[in-house]
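Here the structure comes first, spelled out in structure tokens, and everything after it is commentary.
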Amino acid sequence: MSGEDEKFRILVTHPQVPQEAIELLQRDCEVTVVQSLPPNRSEILEKAKGVHAFLWGGHEKLNAEALDAAGPQLKAISTMSAGIDYVDVPELKRRNIPLGHTPTVLNDAVADIAVGLLLAAARRFHEGRQKIETNNWETYTLNWMLGQDLRDSVVGFYGFGGIAQTIAKRLSGFDIDSILYTTRRRVAEEIEKEYNAKKVDFDTMLAQSDFVIIAAPLTKETAGVFNATAFGKMKKTAVLVNIGRGGVVNQPDLYEALKTNQIFSAGLDVMTPEPLPPNDPLLTLPNVVLVPHLGSATRRTRTDMGTIAAHNVLRGLAGEPMFSPAY
Ligand SMILES: O=C(O)C(=O)CO
């Protein structure tokens, strides 16, 4: 489109999408930004009417209702996230609407959080703080608050894509022994060599790993696979880290496994539901470290995610392949 009256119209569905992204879109398009925080569904639906693209800034449901609210001229959408579990992908495909998302750019930030959670859970940071707060710092015993070593450990990954490989790169600095990973498809041989990684079945990965890191998206296949049976196959000394999606874990089963010391500890960036209610039983356990889905929450990453989402949208509008297509 060209000329003042014929500009593409884009709805940005979150008021905190970085200014850099808005400015990119504004160069050639007319941009409307949702103002409510948290974004109000009715405001999104009302402002969607007649737009040609969405920059979908939050994790609000992106479904037929939103697509209908825009109308048949809607040509392109990008999320500002790697995970797209809140998107009705079959519905978008049915309508031939290309979808972009923002993987890769957040690999470093999410990997940093994963390593932080792994160390915090292995070395009992949360419990340690509780000991100080309750005046239970036992200086007299040598065997107090012993944790798990990363050195010479076997690290298991459930999912071995970009984020997992970025975690593996960081862990190589901790002198781990090797990596076992469970995925549908084997990764390239060079990658396996680089990280001393071997593809194994789920049960072997669970049984042989000292640390198990969930770095898989939530899909029909991954939902709830970390359940009582899976925890029963893990080492009693194992540490579980989840930076994928809360739904991959059966949370009541995880609670039981931690409470009964069936596994050693867990570090979670993602959980069910989000936000986790303050009275959730997980919060009563000393051996779980929780952070409120902060994986991609760094300034630089957020800006990069916004910019990539904007490029996705602009390319989609131009009928070109998106910078990072979701399908
Ligand atoms: O972008 C995503 O999907 C995330 O969950 C980042 O933590």
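The values are calculated or read from the model by the stated rules, or taken from the named source; none is laboratory data. Worth saying up front: this structure is predicted, and the values here are computed from it rather than measured. Cβ: placed from backbone, ideal geometry, glycine included. Neighbour counts: every protein chain shown. Side chains included, ligands, DNA and RNA excluded: accessible areas come from the protein's heavy atoms. Shrake-Rupley method; radii C 1.70, N 1.55, O 1.52, S 1.80 Å.
For the pair R300 and F202, the difference between a 0.36 nm per residue extended length and the Cα-Cα distance amounts to 31.8 nm. May I ask which of K61/K233; K199/K220; K199/K235; K199/K236; K131/K233 have a Cα-Cα span longer than 28 Å here? Violating the 28 Å Cα-Cα cut-off are K61/K233; K131/K233. Scaling against 2.2 N^0.38 Å puts the C-alpha radius of gyration of segment 49-150 at 1.81.
Spin-label pair E23-V89: with each label point 7 Å from Cα along the Cα-Cβ axis, the two points sit 3.4 nm from one another. Each part gets one Cα centre, and for segment 99-176 versus segment 237-311 those centres are 12 Å apart. Estimated purely from DSSP H runs of n ≥ 4, each contributing -39500 (n - 2.57), the mean residue ellipticity at 222 nm for the chain is -10000 deg cm²/dmol once divided by its residues.
Heavy-atom surface analysis with a 1.4 Å probe gives the chain a carbon and sulfur content of 50 percent of its accessible area.
Averaged over residues, the count of other Cβ atoms within 10 Å places the peptides 243-249, 273-279, 94-100, 191-197 in the sequence 243-249, 94-100, 191-197, 273-279, highest first. Starting from the Cα gyration tensor of segment 186-327, take the square roots of the eigenvalues, sort them a ≥ b ≥ c, and report rounded, prolate or oblate (rounded when a/c is under 1.5, otherwise prolate if a/b is larger than b/c, else oblate). Note, shape of segment 186-327 comes out oblate. Shown here is the pair-distance distribution of segment 1-117: with all Cα-Cα distances grouped in 5 Å bins from zero up to the longest one, the shares run 2, 11, 20, 23, 20, 12, 7, 3, 1, 0, 0 percent. For N261 and K61, what is the calculated FRET efficiency with R₀ set at 35 Å and r taken between the beta-carbons, to the nearest 0.05? Using R0 = 35 Å, I get an efficiency of 0.35.
Seen from D304, the other residues with C-beta closer than 13 Å to its C-beta sum to a net charge of +1, counting Lys and Arg as +1 and Asp and Glu as -1. When the square roots of the Cα gyration tensor eigenvalues are ordered a ≥ b ≥ c, the ratio a/c for the chain is 1.5 or more and a/b exceeds b/c, which makes its shape prolate.
The residues of the chain have, on average, 50 Å² of accessible surface per residue, using a 1.4 Å probe with all protein chains present.
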